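Note sheet for the following structure.
The values are calculated or read from the model by the stated rules, or taken from the named source; none is laboratory data. Remember, predicted model here, so these are calculated numbers, not experimental data. FYI the Cβ positions are ideal-geometry reconstructions off the backbone, even for glycines, and counts take in every protein chain you see. Protein only, heavy atoms only, side chains kept; ligands, DNA and RNA dropped before computing areas. Shrake-Rupley method; radii C 1.70, N 1.55, O 1.52, S 1.80 Å.
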Amino acid sequence: MLDLTQKRLTRRFAFVVLLFTVLLQTVILLYFHRSIMKAAEEHLRDEIQNEFVDQFHRTGLDTFKVHWDEYRFQILNKNGEIIIASPKTRTFYPRLNKELLADAFSGVDGFEKLRVGHDSYLVAYFPLNEEFSGRVAASLSEEFQYERNFLKLLLLTLPVILALSFFFSRYLVKHAMKPVSDVFTYQEHFSSTVTHELRSPLASLKGNLEVALRKERPAEEYRETIRFGLTEVDRITNLLNDLSLLSSSKFKPLDLFKERVDITKIIGETVDAYRPRILTKRVRIENSVAAPIVCTCDEGLVRRVFDNILNNAMKYTPSEGVITIRSFEAMGKILINVSNTCHGLSRGEVAYLFEPFYRGKNVLKENFEGKGLGLFISRYILRSHGGDITVKLAEHDIFSLTVSLPAQ
């Protein structure tokens with residue numbers, strides 16, 4: 001649908017550009033034609049002044065005998081009768097322009113364009129004295145040849161302009177539609193991911209409910225089915241909450257309920273919540289964050305950030321591994337560093353860890369649970385607070401993650 005819209009807009013924009021170019025070329029051609037005609041009139045006016053008028057005033061009618069074979073000219077009286085004419089005018093002038101003749105006897109020269117045979121001519125009427133006026137014709141073949149050559153040049157440029165307008169329009173439309181295209185692509189990816197992620201817990205919930213209804217069962221089995229159903233519902237709810245954050249992250253920061261919060265307390269409570277898993281997995285955790293670290297932030301969202309971070313650390317730290325939590329303060333920022341030992345993560349994968357739904361090769365290989373949204377959502381929350389989160393893979397397979405928040 002979007003590709004079809006882009007093609008339609010490209011064609012329309014190219015047509016508009018081409019139409020504008022044709023109109024511009026038409027205006028240029030008309031201006032060129034007008035300039036040629038004006039130059040021809042000026043040239044003929046100069047010739048009239050130099051070759052006819054000045055000599056007429058010096059020597060009278062005899063002056064024109066030397067021009068009989070060179071020019072198409074006539075000398076007329078007020079009635080339009082021909083007094084003197086060169087031989088070339090015997091079959092040349094098709095009609096007399098009485099208005100221009102009257103203007104000439106009024107002292108104003110005038111011009112008209114006539115087509116005689118296959119050629120066009122510029123005819124000038126000009127005053128000589130109170131009794132006579134002159135009429136001279138000059139061929140426009142040379143000027144019109146220039147005009148035809150110019151027209152051919154314009155026509156030859158049309159295919160080039162058409163191609164350029166198409167590619168230029170395609171580039172502009174593609175550039176202008178890129179944000180829309182990104183939104184459509186994002187929505188398509190988002191919809192397919194939602195469908196995929198919801199299918200598994202819903203299928204599991206449906207299967208267990210169907211099994212529970214096949215026959216009469218003891219009350220304890222029904223309770224177990226209900227407990228399992230609630231677990232799946234919580235899983236779906238958490239997924240929908242994550243997807244809700246994901247859908248809004250593309251367009252705007254989060255709406256925050258800010259208050260003074262002790263980050264040290266949040267970290268301590270989160271670590272305590274993971275104590276059972278720490279003991280079960282035999283992971284050592286070293287939390288050196290002791291002094292109160294006060295920050296104005298949305299407590300619920302910041303808790304979620306550290307829960308995501310510690311959950312990932314617990315998930316990917318092997319048995320007998322170590323998780324280290326440290327705090328710093330620099331350049332008006334609170335910095336919390338969480339590092340843990342890990343296996344199987346390559347440096348090339350680190351750049352993709354903040355991509356939604358991205359899961360590393362070691363995650364897929366060892367079948368760790370998760371959706372690949374934790375770090376992305378954590379970064380979205382922190383950036384909405386004016387902070388950020390960065391990751392790096394240090395030597396000896398130490399995965400290091402640093403959270404920054406504005407200091408109080």
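What to note about this one:
- Total residues in the stretch 66-97, condition loosely packed, with under 11 Cβ neighbours inside 10 Å, at pLDDT 85 or above and of a type in the set (D, E, K, R): 1
- Some residue of the stretch 142-152 being more than 58 Å from the chain's Cα centre (by Cα) and either outside any loop (DSSP other than H, G, I, E, B) or of a type in the set (A, V, I, L, M) (or both): no
- Just so you know, in the stretch 1-48 the residues that are of a type in the set (S, T, N, Q) and over 23 Å from Ser141 (Cβ atoms) include one that is surrounded by the fewest Cβ atoms within 10 Å (Cβ to Cβ), and it is Thr26.
- Number of the condition not met by Phe126 [criteria: (1) touching a residue at least 40 places away in the same chain (Cβ under 8 Å); (2) within 22 Å of His33 (Cα to Cα)]: (2)
- Positions within the stretch 381-391 being in contact with a helix residue (DSSP H, G or I) (Cβ under 7 Å, 6 or more places away or on another chain) and open to solvent by 20 Å² or more (accessible area, probe 1.4 Å), in sequence order: Asp388, Val391
- Filter result (under 50 Å from the mean Cα position of the chain (by Cα) and within 19 Å of Leu401 (Cα to Cα)) within the stretch 270-284: Thr270, Val271, Tyr274
- Contacts under 6 angstrom Cβ, first residue in the stretch 334-352 being over 23 Å from Ser319 (Cβ atoms), partner open to solvent by 20 Å² or more (accessible area, probe 1.4 Å) and at pLDDT below 80, 6 or more apart: Ile334/Ala407; Tyr352/Tyr358
- Checklist (1) within 39 Å of the chain's Cα centre (by Cα); (2) at pLDDT below 85 applied to Ile309, failing item: (2)
- All conditions but one from (1) more than 26 Å from Glu81 (Cα to Cα); (2) not in a helix (DSSP H, G or I) apply to Tyr121; the one that does not is (1).
- Among the residues of the stretch 124-141, the ones that are outside any strand (DSSP E or B) and surrounded by 15 or more Cβ atoms within 10 Å (Cβ to Cβ) come to 3 in all.
- Leading residue by the ranking (farthest from Asp272 (Cα to Cα)) among those in the stretch 285-306 that are under 40 Å from the mean Cα position of the chain (by Cα) and among the aliphatic types (A, V, I, L, M): Leu301
- Tabulated pairs, the stretch 217-232, first in contact (Cβ under 8 Å) with a residue 60 or more places away in the chain, second surrounded by 13 or more Cβ atoms within 10 Å (Cβ to Cβ) and of a type in the set (D, E, K, R), C-beta under 8 angstrom, 6+ apart or interchain: none
- The residues of the stretch 313-353 that are outside any strand (DSSP E or B) and of a type in the set (Gly, Ala, Ser), listed by number, are Ala313, Ser319, Gly321, Gly332, Gly344, Ser346, Gly348, Ala351.
- Residues located in the stretch 1-48, provided they are aromatic (Phe, Trp, Tyr) and either more than 21 Å from the chain's Cα centre (by Cα) or not in a helix (DSSP H, G or I) (or both): Phe20, Tyr31, Phe32
- When Leu151, Leu101 are checked against the criterion of being buried (at least 17 other Cβ atoms within 10 Å of the Cβ) and touching a residue at least 24 places away in the same chain (Cβ under 8 Å), Leu101 stands alone in meeting it.
- Candidates Cys342, Cys297 - the one that is among the hydrophobic types (A, V, I, L, M, F, W, C), at pLDDT 85 or above and either open to solvent by 50 Å² or more (accessible area, probe 1.4 Å) or touching a strand residue (DSSP E or B) at 6+ places or on another chain (Cβ under 8 Å) (or both): Cys297
- The single condition among (1) within 30 Å of Ile236 (Cα to Cα); (2) modelled with pLDDT under 85; (3) loosely packed, with under 15 Cβ neighbours inside 10 Å; (4) not aliphatic (A, V, I, L, M) that Glu329 does not meet is (1).
- Some residue of the stretch 161-178 being modelled with pLDDT under 70, open to solvent by 40 Å² or more (accessible area, probe 1.4 Å) and under 25 Å from Pro356 (Cα atoms): no
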